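Structure first, commentary second.
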Amino acid sequence: MGQAFQPAVWVCPEKSIMSRPKEPLPAKLVIRFLFRDFGVQVEALRRIEKIFGQMDYLSAPGSFPYTTYYDREMGGGIRRQTAAYLDLVGQVTLPDIKLRTNAIEEQLSQAGSRQVNIDPGMLSEERFVLATGKNFTHRIYLRDGIFADLTLMYQKGAYRPLPWTYPDYREPEFIDLLGVLRKKLRFQQDGKLPGR
Amino acid sequence: MAISKELLEILACPKCKGPVEPDENMTALICRQCRLAYEIREDIPIMLIDEAKPLD
């Protein structure tokens, strides 16, 4: 039989370095929309604002050339718009947000086809996470059928894509926008807006 | 880090959802339709209708 194990460092039980779980800071809600009919999109924006409060950023509608996946449902000429919302949200609410945006997609459907695709995500200082109902290897299950997709990580001064990040979330303009929103988020977490 | 001109050009007016353009000093984004100027403070565009200044 060998000698008894002798640890190199003894840890006093009263001074354990075990972490104490705590809620993270609230995040910024960022929602991206895909649509063909601008009238439907304006209605989607109105319904989203009614639930989540006023927008504090809105992009002009732009083209969406990355896939024809949505054409079958919405028709061709799909456009993309991005909005961010003033009121910060608790990170635990991501599944609830996704379920509510799913409901709006359904309300605005015509003859069973979606007229607007709504993708909510949360921006924190560390990362940007999308909510999805689809399971996949890199997605973490939250609850109520909703998964979290780690889409971008903040490293060395910018949000950076991962191997599975969708092409439209790699766009330089979107990454730039998230950088600006991150600055604003830090102000807001201190309970203020940038000063005059 | 200053905001890129390209980013400023893709933002929209939260009131009319129409285009905004940076002023010549890059200190505000102007909506010609609504006659509003959204200030840029500490490199952050403040795209809130309540905080916007009328152009006139």
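Only the coordinates and a few stated rules stand behind these numbers; no lab work does. What you are looking at is a predicted structure, and each value in this text was computed from that prediction instead of being measured. As a convention, Cβ positions derive from the backbone with ideal geometry for all residues, glycine included, and neighbour counts pool all protein chains shown.
Side notes on the structure shown:
- Order of A:L152, A:L99 - criterion: other Cβ atoms within 10 Å of each residue's Cβ, fewest first: A:L99, A:L152
- Considering only alpha-carbon pairs that sit under 8 angstrom and 6 or more positions apart, the relative contact order computed for chain B is 25 percent.
- With neighbours defined as other Cβ atoms within 10 Å of a residue's Cβ, the residues A:V116, B:V20, A:V89 order from fewest to most as A:V89, A:V116, B:V20.
- Legend: residue pairs A:K28/A:K134; A:K28/A:K183; A:K183/B:K53; A:K28/B:K53; A:K50/B:K15; A:K98/A:K192, Cα-Cα distance threshold 18 Å; pairs beyond threshold, A:K28/A:K134; A:K183/B:K53; A:K28/B:K53; A:K98/A:K192.
- GNM top mover of A:D71, A:D87, A:D149 - chain A, alpha-carbon springs below 10 Å: A:D71
- Inter-centroid distance (Cα atoms) of chain B relative to region A:156-183, Å: 21
- For the peptide A:176-189, the mean number of other protein chain Cβ atoms found within 10 angstrom of a residue's Cβ is 3.
- All Cα-Cα separations within the protein assembly as shown were binned at 10 Å from zero, giving a P(r) of 6, 27, 34, 18, 7, 4, 3, 1, 0, 0, each value a whole percent of the pairs.
- Comparing B:A28, B:A12, B:A37 in a Gaussian network model of chain B where C-alpha atoms under 10 Å apart are linked, the largest mean-square fluctuation is found at B:A12.
- For region A:33-79: rounded, prolate or oblate by the Cα gyration tensor [a/c cutoff 1.5]: prolate
- Whether chain B is rounded, prolate or oblate, judged on the alpha carbon gyration tensor where a/c under 1.5 counts as rounded: prolate
- Counting 0.36 nm for each residue step from B:S4 to B:R32 and taking away their Cα separation leaves a gain of 8.0 nm.
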